[in-house]
Amino acid sequence: QVQLVESGGGLVQAGGSLRLSCAASARAFSFYDMGWFRQAPGKEREFVGAISGDGLSTSYADSVKGRFTVSRDNAKKTVYLQMNSLKPEDTAVYYCATYYSGGYSYISSYAYWGQGTQVTVSS
């Protein structure tokens, strides 16, 4: 069983930045590729970005490419989502999850999920 706890969400103006954190309880955290998803009200949960266990490989949704960066600190068992140039359409609950298999962009590819953290971007 892996527990994930997201933090760092909040209210920010358009053009601003936020850094989300996801702390994991996993014993072998570095073995897990990790992903970030988001879900806006009335919309389906969507892929944001992912990072390999060693931190050397990342993948992003087109909508956030060039603005968001996923990173990790395996010693701290934490993965981060740095969000820059935020837009009102980035408003959502953001979730981190442990990747299992099947492709980074698919919800079904992830095994454990955090409870989410709210990000609200005002115009």
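Taking other residues whose beta carbon is less than 11 angstrom from the beta carbon of GLY55, and scoring Lys, Arg as +1 and Asp, Glu as -1, yields -2.
Using the empirical formula 2.2 N^0.38 Å as the baseline, the Cα radius of gyration of the range 44-85 reaches a ratio of 1.18. Taking 0.36 nm per residue of separation and subtracting the current Cα-Cα distance, fully stretching the chain between ARG27 and LEU56 would add 8.4 nm. The accessible surface of the chain, taken with every protein chain in place and a 1.4 Å probe, is 48 percent carbon and sulfur. If a spin label sat at a point 7 angstrom from the Cα of GLN118 along the line to its beta carbon, the backbone N atoms of the range 27-71 nearer than 16 Å would be those of 39-43.
Projected over every direction and averaged, the convex hull enclosing the alpha-carbon atoms of the chain yields 6.8 nm². Note on the chain: with a GNM built from Cα contacts shorter than 10 Å, the maximum mean-square fluctuation among GLY103, GLY15, GLY42 falls on GLY42.
The values are calculated or read from the model by the stated rules, or taken from the named source; none is laboratory data. All values derive from a computational prediction rather than experimental measurement. Cβ coordinates were reconstructed from backbone atoms using ideal geometry, including for glycine residues, and neighbour counts include every protein chain displayed. Each accessible area value is taken on the protein alone, full model and side chains, heavy atoms only, with ligands, DNA and RNA left out. Shrake-Rupley method; radii C 1.70, N 1.55, O 1.52, S 1.80 Å.
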